[in-house]
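Undergrad: One structure is given below, represented as structure tokens, and several questions about it will come after.
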Amino acid sequence: MLPTGSRASDADRPHSQFVLRRRVQFYELDSAGIVHFSTYFRYMEEAEHAFWRATGMSIAPPGSEIGYPRVHVTCDYHRPLRFEDEFEVHIRVAAMAEKSMRYECVLTCGDTKIATGSMTIVCVRVRPGEPMKAVPFPPDVASRFAVAGAADV
């Protein structure tokens, strides 16, 4: 899936949002027959990875010494999802600094808001035997993303 309003030929331009369409799988349910609360974080991360792929990149390319750990995540639950529900994860870049990026996510099932959340990632250098160190986003990464405007909500 491409970022909202994009074409395959413009993957190099900055993107501010993306929509992932998905269906609830049986293994994602808890004993009450609804999606387990922790799965919503996986949905948001899955949307993030698809967003990066739509910009022509991988969030974890083989051999890279750059990583993007999460340093803050939130999720507010509004309505449950159940087996085989079709839903969307809307992810947008809410803030971007030299070494961090914050996404806002809204999960919807039709016109119903299911959950809202956010994730903050930090760009770090990862080298064997050394602690992670926050570093600026590489220019090729920073140039692919833009903070979403109010009209992009």
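A short reminder: the numbers here are calculations on the coordinates, not readings from a lab. Remember, predicted model here, so these are calculated numbers, not experimental data. Glycine gets a Cβ as well: all are built from the backbone with ideal geometry, and neighbour counts include every protein chain shown.
Undergrad: With θ taken as phi - 60° and the coefficients 6.51, -1.76 and 1.60, list the Karplus ³J(HN,Hα) couplings across segment 117-129 in order, rounded to whole Hz; mark glycine and proline as x.
TA: The phi angles translate into x, 8, 9, 10, 10, 10, 7, 10, 9, 10, 10, x, x Hz.
Undergrad: Here's another thing I want to ask about it. Taking the beta-carbon count within 10 Å as an exposure proxy, list Lys99, Lys133 from fewest neighbours to most.
TA: Ranked by crowding around the Cβ, least crowded first: Lys133, Lys99.
Undergrad: Only helical DSSP H runs with n ≥ 4 go in: add -39500 (n - 2.57) per run for the chain, normalise by residue count and round the 222 nm mean residue ellipticity to 500 deg cm²/dmol.
TA: It comes out at -4000 deg cm²/dmol, rounded to the nearest 500.
Undergrad: Moving on. Counting Lys and Arg as +1 and Asp and Glu as -1, each charge on the Cβ, what is the dipole of the chain about the Cα centre in debye, to the nearest 20?
TA: Values: 18 positive and 19 negative charges, 54 e Å.
I would put it at about 260 debye.
Undergrad: Now a separate question. So what's the gap between the Cα centers of segment 108-153 and segment 39-95, to the nearest angstrom?
TA: Between the Cα centre of segment 108-153 and that of segment 39-95, the gap is 9 Å.
Undergrad: Test of understanding: ordering Ile114, Ile34, Ile66 by Cβ neighbours within 10 Å, fewest first, what list do you get? The partial results should precede the final answer.
TA: Details: Ile114 21, Ile34 18, Ile66 15.
Ascending number of Cβ neighbours within 10 Å: Ile66, Ile34, Ile114.
Undergrad: Now, a different point. Let's test the formula: R0 of 25 Å, r as the Cβ-Cβ distance of Arg21 and Ile66. What FRET efficiency results, to the nearest 0.05?
TA: 0.30
Undergrad: Neighbour counts of other C-beta atoms within 10 Å: give me Val89, Val19 arranged from fewest to most.
TA: Val19, Val89
Undergrad: When the Kirkwood hydrodynamic radius is evaluated over all pairs of different C-alpha atoms of the chain, what value in angstrom, to one decimal, is obtained?
TA: So the Kirkwood estimate lands at 16.3 Å.
Undergrad: Now for a separate question. Specify the longest stretch of the chain that does not include any exposed loop site, a site being one of the GluC sites (Glu not before Pro) with a non-H, G, I, E, B DSSP assignment and at most 11 other Cβ atoms within 10 Å.
TA: Values: sites that count: Glu65, Glu84, Glu98.
Longest site-free region, per DSSP loop and neighbour criteria: 1-64.
Undergrad: Could you work out which residue, out of Gly63, Gly110, Gly33, moves most in a Gaussian network model of the chain, that is, has the largest mean-square fluctuation with Cα springs under 10 Å?
TA: It is Gly63.
Undergrad: In degrees from 0 to 90, rounded to the nearest 10, what is the angle of the helix 39-54 Cα long axis to the longest principal axis of the chain?
TA: For 39-54 against the chain, the angle is about 50 degrees.
Undergrad: Under the 0.36 nm per residue contour assumption, what length would be gained going from the current alpha-carbon distance of Ala95 and Ala142 to full extension?
TA: Length difference between fully extended and current span is 15.7 nm.
Undergrad: If I model a spin label at Ser38 and Arg82 as a point 7 Å from the Cα along the Cα→Cβ vector, what separation in nanometres do I get?
TA: 2.5
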